[in-house]
1. Tell me the mean residue ellipticity at 222 nm calculated for the chain from its helices only (DSSP H runs of n ≥ 4, each -39500 (n - 2.57), averaged over every residue, nearest 500).
2. Starting from the Cα of GLU378, move 7 Å in the Cα-to-Cβ direction to define the label point; list residues of the stretch 341-371 whose amide nitrogen is under 15 Å from there.
3. Grab the other residues whose beta carbon is less than 14 angstrom from that of THR37, score K and R as +1, D and E as -1, and report the net.
4. For the chain, please report how many Lys pairs fall under 29 Å Cα to Cα, leaving out neighbours fewer than 8 apart on the same chain.
5. Sort out for me the Cα centre separation of the stretch 360-435 from the stretch 182-260, rounded to whole Å.
6. As I understand it, the dipole of the stretch 223-381 uses +1 on the Cβ of Lys and Arg and -1 on the Cβ of Asp and Glu, about the Cα centre. Which of VAL365, GLY313, GLY269 lies farthest toward its positive end?
7. List the trypsin sites (Lys or Arg not before Pro) within the stretch 26-98 that fall in a DSSP loop (any state other than H, G, I, E or B) and whose Cβ has at most 16 other Cβ atoms within 10 Å.
8. In which sequence would ILE428, ILE140 go, from the one with the fewest C-beta neighbours within 10 Å to the one with the most?
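Where a number appears in this text, it was derived from the coordinates with a stated rule and is not lab data. Because the structure is a prediction, the values reported are computed rather than measured. Positions of Cβ are backbone-derived with ideal geometry, glycine not excepted, and every protein chain shown enters the neighbour counts.
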Amino acid sequence: MTQDPSHLPSSHPNLWHPFTPIGGMPVPPRVVRGSGTRLFLEDGRVLLDCISSWWVNLHGHAHPHIVNAIQEQAETLEHVIFAGFTHEPAERLAAELAGILPDPLTRVFYSDDGSTAVEVALKMARQYWRNLGEERPAFIAFDGAYHGDTFGAMAAGAPSTFSAPFADLLFAVERLPFPATWIGDTEVEVREATILAELERLLEAHPDRYAALIVEPLVQGAGGMRVCRAEFLQSVAAILRRYGVLLIFDEVMTGFGRTGTCFASERAGVTPDLICLAKGLTGGFLPMAVTAVTEEIYDTFSSPSAEKTFWHGHSYTANPLGCAAALASLELLRSNEPIYRGMESHHRDFLAGLDMTKVIRARVVGTIAAFDLQIPGEPGYFHEVGKTFRARAIDRGLLLRPLGNTVYFMPPYSLTDSEREMLYREVIHLVGELA
Ligand SMILES: *Cc1c(COP(=O)(O)O)cnc(C)c1O
């Protein structure tokens with residue numbers, strides 16, 4: 001039997017890769033080892049991991065401090081059911097997180113990944129109101145948002161090609177425009193004012209309808225590294241507070257130093273009622289997530305009644321290996337603070353030197369820098385230039401994964417000065433090549 005080779009699975013007959021069209025997919029490089037910011041390929045090439053392997057790796061690959069922590073924990077207790085039992089790594093991690101999160105966020109609920117952290121937040125927000133004797137059926141979210149791939153997370157995310165096959169199965173969400181801004185943008189305040197007025201109108205018309213608003217604070221990730229101002233989030237929070245609507249910060253991407261402060265909430269000067277954390281939590285070693293909430297939310301669930309209980313959990317909830325990795329990663333995060341705080345000024349200098357005839361909307365928040373390529377074609381995730389750029393970047397020794405015509409980077413904090421210079425130099429070259 002013969003098959004069109006462009007439809008053959010291109011890496012392995014038993015594998016199915018995420019977020020990858022199967023037809024015509026190039027053979028994926030095989031990675032054999034990682035160390036610091038570098039990935040070593042089987043064919044001898046070395047790549048600089050400029051996107052922290054999908055935003056998870058904080059301190060570099062195979063960091064020995066986290067390796068040791070996981071090994072020690074594995075030899076002691078690899079896992080135990082977390083319903084009806086507890087363990088020290090879970091307790092220590094919850095206390096550590098409560099210590100670094102904005103003050104009122106004191107209760108930690110563990111799950112497995114960013115999507116489940118969002119599911120948990122949405123379910124908690126909904127049941128919070130029910131436990132108070134109110135039905136608040138609806139949520140508010142933003143255009144361009146990405147909250148994950150499970151059904152609740154897809155519903156909260158902006159409708160897209162990703163979620164289109166399931167559109168009729170998703171609960172309805174009230175959606176606001178996102179006031180994306182960039183360096184040199186002079187009209188953002190006008191856009192923000194319109195959106196704030198729309199939010200106010202929604203809440204005025206139906207003050208008891210909305211359980212919560214969910215937002216990726218300061219930077220929308222998968223939606224194109226779109227940046228908003230802290231002032232906007234402050235105004236949103238103030239309006240919500242007047243109507244008693246809960247605020248959920250999806251900090252799955254922005255957590256753990258990415259925006260130049262430990263959490264985007266700190267930089268934005270806004271404290272949410274619920275916060276979702278995942279990607280960087282274990283430093284990129286193990287899948288684990290957290291939804292942290294205020295004592296006020298927790299209190300509405302503290303009852304022996306089955307109706308008021310949060311009936312949610314995953315087999316690997318509070319996995320001790322994940323907790324140990326996260327604790328070790330938080331220790332490294334403290335010593336890496338000057339690095340994640342300092343990265344923004346380097347990024348700013350770099351962006352200021354870019355050829356602005358080919359690049360528009362340069363933006364930077366902390367360790368995340370992004371710009372859009374001004375190349376003919378429909379702007380957005382499916383712009384062909386993204387694939388070209390990605391392939392050429394690999395040829396030049398960089399792991400980059402543009403979101404269509406949006407090029408961004410978000411390196412691990414292990415990035416050395418010379419690696420940073422290489423990253424900037426090669427990106428300038430890659431942009432130049434697109435003439
Ligand atoms: C990646 C991401 C998610 C989903 O996390 P997974 O671990 O991939 O399930 C949710 N929200 C944001 C903001 C993300 O960047």
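1. On the way: 13 runs with 158 residues, N = 435.
It comes out at -11500 deg cm²/dmol, rounded to the nearest 500.
2. The answer is none, because no backbone nitrogen lies closer than 15 Å to the label point.
3. Details: positive: ARG33, ARG38, ARG420; negative: ASP49, ASP417, GLU419, GLU421, GLU426.
Result for the neighbourhood of THR37: -2.
4. Values: LYS123/LYS279; LYS123/LYS308; LYS279/LYS387; LYS358/LYS387.
Lysine pair count for the chain: 4.
5. A separation of 26 Å, based on Cα centres.
6. Among VAL365, GLY313, GLY269, the one farthest towards the positive end of the dipole of the stretch 223-381 is VAL365.
7. Working: sites: ARG30, ARG33, ARG38, ARG45, ARG92; in loops: ARG30, ARG45.
Here the trypsin sites (Lys or Arg not before Pro) that fit, given the DSSP loop and packing criteria, are ARG30, ARG45.
8. Details: ILE428 14, ILE140 24.
Listing ILE428, ILE140 from fewest to most nearby Cβ atoms yields ILE428, ILE140.
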